[in-house]
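Laboratory data are not the source of any read-out in this text; all were calculated from the coordinates shown. Here the structure is a predicted model, which is why all the values come from computation and not from measurement. When we count neighbours, we look across all protein chains shown, and the Cβ atoms used for this are built from the backbone with ideal geometry, even at glycine.
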Amino acid sequence: MGKCIVCNKSAGPFYSLHKACLPVYQNTQQSLKTKLSSYLDSDEESSIADLKACRPSEGFSEYHFKQICIKAWQEHARHVVSQASLNVPVAKKLLNIANEFEIYKNETEPYLISRLMNFEYLQALQNDQSIEFHSNFDMTAIELNEGEYAIWQFDEIDKSEQHQYSQQKSWTLFSSLLDNLFMKSRYKPLDVKLEKSGKLLITNQALHYLLDNSVKETKFSDIHSVTPMKHGIRIQAAIRNATPDTYITGDGRFTYALLQYAQGKDSR
Ligand SMILES: [Zn+2]
């Protein structure tokens, strides 16, 4: 027996929504959408509380209300990250909503949150301002060179050296399906070897990729080219026949700008 997601009363064996309750559900969707837009667009006094007030009753399924919120949130978030110009105030509001409604990365497209979080830093880089970021990287794991200091740290970064997957499209698709075991097993016959997630530290002289207890250092002076991708960057070392390294940071645009910034700090 299914309980109605609107009124929480029994709705018969095959349904979880009374026909009579459907308009309530649709109105909830619509009013949430409207309130969300006005919260994002205006400087007026509309608030998160207004969004939460769209849930019509205690009986209305909390889970389904959250799904309605996620859907509306995603629509806006996708739009904001796809724009060439950076709307930092709206990005902050979207993050605020994600925080208040406890929308986690695994409940939406994970990269939306990563990208929104980088907005203000990317804007600073674009305005030639320096960025300050406090890394909690275990610096004892890395031997820094003279004059080398940390600039940025990415957590849980996937890296691969598989050159047969050098096309951006493949990588975007593949990386967005990392959590999906079915797809993982589907890709296995294609011999994609993906290392476990590591951390990526960017200093003023190099990239350090830390995985378990090993560190791979790529000095800026050894880099031949850097290619921005949707969810990361690909780095080709200047060494002959070297396969490119692909780092899936969740935000290719920001990572690329950051690397240019860091390379500019390399004053050796
Ligand atoms: Zn009902």
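Using the Cβ atoms and a cut-off under 12 Å, what net charge is assigned to the surroundings of R115, where Lys and Arg are +1 and Asp and Glu are -1?
Values: positive: R78, K105, K230, R253; negative: E109, E120, D251.
It works out to a net charge of +1.
Distance from the Cα centre of region 209-268 to that of region 59-101, in angstrom?
With region 209-268 and region 59-101 each reduced to a Cα centre, they are spaced 31 Å.
Please go through region 1-47 and write out the trypsin sites (Lys or Arg not before Pro) that DSSP classes as loop and that have at most 16 other C-beta atoms within 10 Å.
K9
By how many nm would the segment from T218 to Y149 lengthen if fully extended, with 0.36 nm per residue of separation less the alpha-carbon distance? All intermediate terms of the calculation are to be shown ahead of the outcome.
Numbers: separation 69, 0.36 × 69 = 24.84 nm, distance 1.46 nm.
Here the segment from T218 to Y149 would lengthen by 23.4 nm.
Across region 19-126, how many lysine pairs, 8 or more apart or on two chains, come within less than 20 Å at their alpha-carbon atoms?
22
Using a Förster distance of 51 Å, how high is the FRET efficiency between M139 and A53, based on the Cβ-Cβ distance and rounded to 0.05?
About 0.60, to the nearest 0.05.
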